[in-house]
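Single-structure report; data block below.
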Amino acid sequence: MDRFSEFPTNLVAPARDAAAVVPNDSADLVQLPRALFVGTAGNVAVVMAGGQSVVFENCAAGVVLPVRAARIRATGTTAGALVALW
């Protein structure tokens, strides 16, 4: 048993895992995140878990977007150093 297994894993608890995101127009993320960290300012084009496509425009560097995005699109995404949190 690892020392963190007793901590809750739900949508209101802090993220427990993270992975760098490479935007892709045709492939969903391997893990559905609870949020996205934006490392470099710009736009983030996503397909939400519910299927809606949306562009979050002018995201500042360092912002955390509290969204359940199934896919981060390459087309329309100008922000960089994206990290999925779950």
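Listed by first and then second residue, the pairs linking a residue in region 63-86 that is closer than 16 Å to M48 by Cβ to a residue that is hydroxyl-bearing (S, T, Y) and open to solvent by 60 Å² or more (accessible area, probe 1.4 Å), with Cβ atoms under 8 Å apart and 6 or more places separating them unless they lie on different chains, are R73/S53. Against the conditions (1) closer than 22 Å to V12 by Cα; (2) crowded, with 18+ Cβ neighbours inside 10 Å; (3) out of contact with any Pro (no Cβ under 6 Å at 6 or more places or on another chain), L85 satisfies every one except (3). Pairing residues of region 24-50 that are over 14 Å from V83 (Cβ atoms) with residues that are modelled with pLDDT under 95 and open to solvent by 30 Å² or more (accessible area, probe 1.4 Å), at Cβ distances under 8 Å and at least 6 apart in sequence or on separate chains, gives L32/W86.
When R73 is tested against the conditions (1) loosely packed, with under 15 Cβ neighbours inside 10 Å; (2) touching a Ser or Thr at 6+ places or on another chain (Cβ under 9 Å), the lone failure is (1). Only one of the listed residues (L36, L32) is of a type in the set (A, V, I, L, M, F, W, C), open to solvent by 60 Å² or more (accessible area, probe 1.4 Å) and either part of a strand (DSSP E or B) or in contact with a Lys or Arg (Cβ under 9 Å, 6 or more places away or on another chain) (or both). That residue is L32.
The values are calculated or read from the model by the stated rules, or taken from the named source; none is laboratory data. Bear in mind that the values here come from a model prediction, so they are computed numbers and not experimental data. Here Cβ is always computed from backbone atoms with ideal geometry, including for glycine, and neighbour counts include all displayed protein chains. For accessibility, only protein heavy atoms count, side chains too; no ligands or nucleic acids. Shrake-Rupley method; radii C 1.70, N 1.55, O 1.52, S 1.80 Å.
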